[in-house]
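K.L.:
Right, I'll just put the structure down here and ask away after.
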Amino acid sequence: MAAPIPIPTRLKVLRGNPGRRPLRPEPEPAPLSEPPEPPAFLIGYAAEEWRRVASELHLLGVLRGVDVQLLAAYCVNYATWRTAVETLATIAARDPVTHGLLVRTADGNPRRNPLQKIASDAALDMLRFANEFGIGPAARARIAAGWQPPEPPSKFGDLIA
């Protein structure tokens, strides 16, 4: 059985370090001064998604220079998913019986539309990459679950320290 994926120290701090184990600092890449432009190979829906998501991730302080390719992979999967879903919708409009979910093979037998598999695979990959950045309500809940507002300073705190 595979070991669990290690949780970054920064995420443990945000969660409140529920295990109470000593935290080891990790190397932290330098933050970006502004959201990066999409890589040149991102076009269409992928570039649009980059512009939408990169600025949000930058504001949250999550996006670093070394994460650019990971975010690009998310955007490519988003574009694949969106294209497949839009194509399926077009096919569904012309097919009142199966709504594009089934296609006929060369020998006339019905089978699942390959676009369904493409859309499903792209959605799963997109979700996997999104979780890396804390995109989505469940991913944000895992980050915010351990967060507690800082305690106000005690008037006797300086005496103890």
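Values in this text are rule-based calculations from the coordinates and carry no lab data. Owing to the predicted nature of the structure, the values given are computational and were not obtained by experimental measurement. Cβ: placed from backbone, ideal geometry, glycine included. Neighbour counts: every protein chain shown.
K.L.:
Can you give the longest run of the chain that contains no trypsin sites (Lys or Arg not before Pro) sitting in a DSSP loop with at most 12 other Cβ atoms inside 10 Å?
P.N.:
21-154
K.L.:
Which percent of the Cα-Cα distances in the chain go past 29 Å?
P.N.:
42 percent
K.L.:
Full-extension gain between Glu48 and Val66, please, as 0.36 nm times their residue separation minus the C-alpha to C-alpha distance.
P.N.:
4.4 nm
K.L.:
List, in order, the whole-Hz ³J(HN,Hα) value for each residue of segment 114-122 obtained from phi through the Karplus relation with A = 6.51, B = -1.76, C = 1.60 and θ = phi - 60°; use x for Gly and Pro.
P.N.:
Ordered by residue, 3J(HN,Hα) equals x, 5, 4, 5, 4, 5, 5, 4, 5 Hz.
K.L.:
Leu11 to Thr90: extension gain in nm, 0.36 nm per residue of separation minus the Cα-Cα distance?
P.N.:
24.2 nm
K.L.:
Sticking with this one: Which is the longest part of the chain that has none of the chymotrypsin sites (Phe, Trp or Tyr not before Pro) sitting in a DSSP loop with at most 14 other Cβ atoms within 10 Å?
P.N.:
42-146
K.L.:
With a Förster radius of 25 Å, plug the Cβ-Cβ distance of Arg140 and Glu37 into 1/(1 + (r/R0)^6) and report the FRET value to the nearest 0.05.
P.N.:
Plugging the Cβ-Cβ distance into 1/(1 + (r/R0)^6) gives 0.45.
K.L.:
Something else about it: On C-alpha positions alone, give me the angle between the axis of helix 45-60 and the longest principal axis of the chain, in degrees, nearest 10.
P.N.:
Taking the Cα atoms of the chain, the angle to 45-60 is about 10 degrees.
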